[in-house]
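> So that we are looking at the same thing, I have put the structure below in structure tokens.
The values are calculated or read from the model by the stated rules, or taken from the named source; none is laboratory data. Note that the coordinates shown come from a computational prediction; the quantities given were computed from them, not determined experimentally. Virtual Cβ from ideal backbone geometry, glycine too; neighbours counted across all protein chains shown.
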Amino acid sequence: MEFLVASAVGVLTAAGLYLTLRKRTFPVIIGLSLLSYAVNVFLFASGRLVVNLPPILSDTAAGYTDPLPQALVLTAIVISFGMTAVLVVIALAAFLNADDDAVDTKGDSAG
Amino acid sequence: MTHWTIAPIVLPAMLAALITLAARNHPALQRVLSVAGTVTLFVIAVGLALRASTGEIAVYELGDWPAPFGIVLVADRLSTMMVLLTATLANAVVLYAIGTGWDTRGRHFHALFQFQLMGIVGAFLTGDAFNLFVFFEVLLIASYGLMIHSGGTARLRAGMQYVVYNLLGSTLFLFALGTIYAVTGTLNMADLAERVATLPEADTALIRVGATLLALVFAVKAAVLPLHFWLPGSYANAPGPVAALFAIMTKVGAYAMLRFFTLVFPPELGATEGMFGAILLPAALLTLAIGMIGILGAKRLDRLAAYAVIGSMGTLLIAVAILTPQATTAALYYIIHSTFASAVLFLVVDLVVQGRGAAGARIEAAAPIARNGLVAAMFFTAAIALAGVPPLSGFVGKLLVMDAARSSDPVWTIWATILVTSLIALVGFARAGSTVFWKTAQLDTAEADPAGPAGSTVLPLVSIGGLLTLLVGITVLAGPLTEYVGETTRQLYSPSQYIDAVLTTDEVAK
């Protein structure tokens, strides 16, 4: 399972980084989403990977899973979701204003 | 436990909600609320700073959960100093925004402004690494809104880049926190400091990775070369008063570096020893060089101001990277100077750009603006402060940094870089200023647009004048101020005070 999770984080990060470096806004946004998935899985794994163990106190439990990373992941998901929404709106506004969706700005001498 | 520690976070948060909900169609009411809130924030900040100046470290436990289980806010000397700095700057910026009418050129300026203050103040006060991330996001999401305030193609495009860059930074921050949590099992800064110090040998490699990632995140915020690319475009395209407020945002990165690398990863810690000297110092020197050369090379005034910010961050980070008590004292003095000086430059540039009409921000001769002489004097005062020549605070700050550098190995490299880049900046400012303000005389003055921007013309000058007075003030009072930040440094370099205050519950319970 460790191998699966680790390679999932790796592949998501690689794909996210590649897409982030594209020059149109749409792939960049997709890339950022992939990166945020990668980091969420990574955070989840930072509390060690265990299966079928409760996160809260219980008399019958054989062991526990760490509940804190789950709370951290929840926060991170909410924040990255909100940020992506803002980014989409700004990208849309920029596209409607400029009639193209390139990420680059014009240089120093422009405007 | 008094509740004053959380007041500077709660006040702007409540006010922003109130402005959005109750005053959304009443610009005048928004202004009144926003100014009243910012002034109150300043008063609270002064109170907190006075309390901290006795050496007391006030700890506020959210929800009354004891550390390290709950989130804590910690108001020590450094935090309260930064909060006071933020509040002072905010007052000048909000007056300027109202005076020039920037706040009415789009919706929700004041609400976003208050949220931005909440994020910045929260980042300074928090004692929890994950909470720091959350406050970073609060200040960023408000800054996205402020950055594209009043719209326009270039601004939206630049805003898009700014958001993408900062989202990448946030992702990196989460990776860093995940790594650190995986090794230590805590994210409370005081608890982290204790656990990192007693970490087994086998885990040092991983904590080194975590510390490096964290330093990278803060370097993105502080615009250290080669992670500075987001800054010129976004600051140059942001509305003037917003860019002036952003002058404190790069300092959040510098603050976080100082906090983490004196408390959690102190200089004598084996795992991260020498990291700053080997990596951050050369990067800071290059940042300084690129910033000052950028001033000389800029074709637009707003870009020039943005590069001036990069340059002053370079000087500041040299002092941070040396990481001795003397250098940190210099860094803290320089933080105050650099915040005010960068902000005032952005405001003056905005005044010029607004007054010039078609010529805009381009550095070329155009018809003179209203009050050409006065604005020129303000521009050159800000330039003198930022270039670091006598008699203003930039010079004092630079002397302190250079004096602190004497104990470090690459002293001649540091001295040469600082002195040569000062000269380059001086030439750059002189070139831009003389073209914009003095070549105007040869042109037909009838071209000048007498209407100018809407809004009061006195308030912006009051705001800029106030900031310039502060610059003069920190120059004249450099002695007492250095003593004050020296005390702050002593508190920073004895982290046991901070750790005891957070983790000893009976001291907190009083």
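> Considering B:294, B:277, which residue is in a helix (DSSP H, G or I), crowded, with 23+ Cβ neighbours inside 10 Å and over 19 Å from the mean Cα position of the chain (by Cα)?
B:294
> Just the residues that are under 24 Å from the mean Cα position of the chain (by Cα) and surrounded by fewer than 20 Cβ atoms within 10 Å (Cβ to Cβ), please, taken from the stretch B:12-30.
Selection gives B:13, B:14.
> What do you reckon, is residue B:51 over 24 Å from residue B:249 (Cβ atoms) and in a helix (DSSP H, G or I)?
Against the criterion (over 24 Å from residue B:249 (Cβ atoms) and in a helix (DSSP H, G or I)), residue B:51 qualifies.
> Additional query: So how many residues does the stretch B:437-455 have that are surrounded by 13 or more Cβ atoms within 10 Å (Cβ to Cβ), at pLDDT 60 or above and over 13 Å from residue B:370 (Cα atoms)?
3
> Can you tell me which residue within the stretch B:164-207, out of those that are closer than 24 Å to residue A:45 by Cβ and within 21 Å of the chain's Cα centre (by Cα), is farthest from the other protein chains (Cβ to nearest Cβ)?
Selected residue: B:169.
> Within the stretch B:206-241, restricting attention to residues that are surrounded by fewer than 24 Cβ atoms within 10 Å (Cβ to Cβ) and without any contact (Cβ under 8 Å) to a residue 40 or more places away in the chain, which residue is nearest to residue B:459 (Cα to Cα)?
B:227
> Quick one: count up the residues across the stretch B:47-73 that are closer than 23 Å to residue B:481 by Cβ, crowded, with 17+ Cβ neighbours inside 10 Å and within 22 Å of the chain's Cα centre (by Cα).
Final tally of qualifying residues: 3.
> Could I ask something else about it? Filter the stretch B:388-399 for residues that are in a helix (DSSP H, G or I), hydrophobic (A, V, I, L, M, F, W, C) and either in contact with a strand residue (DSSP E or B) (Cβ under 6 Å, 6 or more places away or on another chain) or buried (at least 17 other Cβ atoms within 10 Å of the Cβ) (or both) and give the result. Walk me through it before giving the result.
Going residue by residue through the stretch B:388-399, those that are in a helix (DSSP H, G or I) are B:393-399.
Checking the rest, the ones that are also hydrophobic (A, V, I, L, M, F, W, C) come to B:395-396, B:399.
Matches in the stretch B:388-399: B:395, B:396.
> Regarding residue B:210, is this residue under 24 Å from residue B:496 (Cα atoms), part of a helix (DSSP H, G or I) and within 12 Å of chain A (Cβ to nearest Cβ)?
So residue B:210 fits the description; yes.
> One residue is enough: does the stretch B:142-163 have a residue meeting the conditions under 18 Å from residue A:37 (Cα atoms) and more than 7 Å from chain A (Cβ to nearest Cβ)?
no
> Counting only residues that are β-branched (Val, Ile, Thr) and either at the interface with another protein chain (Cβ under 7 Å from one of its Cβ atoms) or over 19 Å from the mean Cα position of the chain (by Cα) (or both), which one in the stretch B:123-141 is surrounded by the most Cβ atoms within 10 Å (Cβ to Cβ)?
The qualifying residue surrounded by the most Cβ atoms within 10 Å (Cβ to Cβ) is B:141.
> Can you tell me which of B:44, B:9 is within 25 Å of residue B:335 (Cα to Cα), of a type outside the set (Gly, Ala, Ser) and within 18 Å of the chain's Cα centre (by Cα)?
Numbers: B:44 fails: within 18 Å of the chain's Cα centre (by Cα).
B:9 is the lone residue from the list that is within 25 Å of residue B:335 (Cα to Cα), of a type outside the set (Gly, Ala, Ser) and within 18 Å of the chain's Cα centre (by Cα).
> Check B:411, B:396 and return the single one that is in the same structural domain as residue B:473 (by TED's automatic domain parsing) and farther than 23 Å from residue B:476 by Cβ. It would help to see each step written out before you state the result.
Numbers: B:396 fails: farther than 23 Å from residue B:476 by Cβ.
None of the others qualify; the one that does is B:411.
> Quick check: is even one residue across the stretch A:72-89 in contact (Cβ under 8 Å) with a residue 12 or more places away in the chain and over 20 Å from the mean Cα position of the chain (by Cα)?
No: zero hits.
> Taking the stretch B:89-118 on its own, how many of its residues are polar (S, T, N, Q) and surrounded by fewer than 23 Cβ atoms within 10 Å (Cβ to Cβ)?
2
> Additional query: Mind counting the residues in the stretch A:15-59 that are more than 9 Å from chain B (Cβ to nearest Cβ), free of Cβ contacts under 8 Å to residues at least 24 places away in the same chain and loosely packed, with under 13 Cβ neighbours inside 10 Å?
Number of matching residues: 9.
> Let me ask another. I'd like the full set of residues that are in a helix (DSSP H, G or I) and crowded, with 16+ Cβ neighbours inside 10 Å, limited to the stretch B:400-425.
B:400, B:401, B:402, B:404, B:405, B:414, B:417, B:418, B:421, B:422, B:424, B:425
> Let me ask you something else. Tell me the residue from A:31, A:16, A:63, A:47 that is closer than 23 Å to residue B:134 by Cα and not in a helix (DSSP H, G or I), please. Walk me through it before giving the result.
On the way: A:31 fails: not in a helix (DSSP H, G or I); A:16 fails: not in a helix (DSSP H, G or I); A:63 fails: closer than 23 Å to residue B:134 by Cα.
Result of the check over A:31, A:16, A:63, A:47: A:47.
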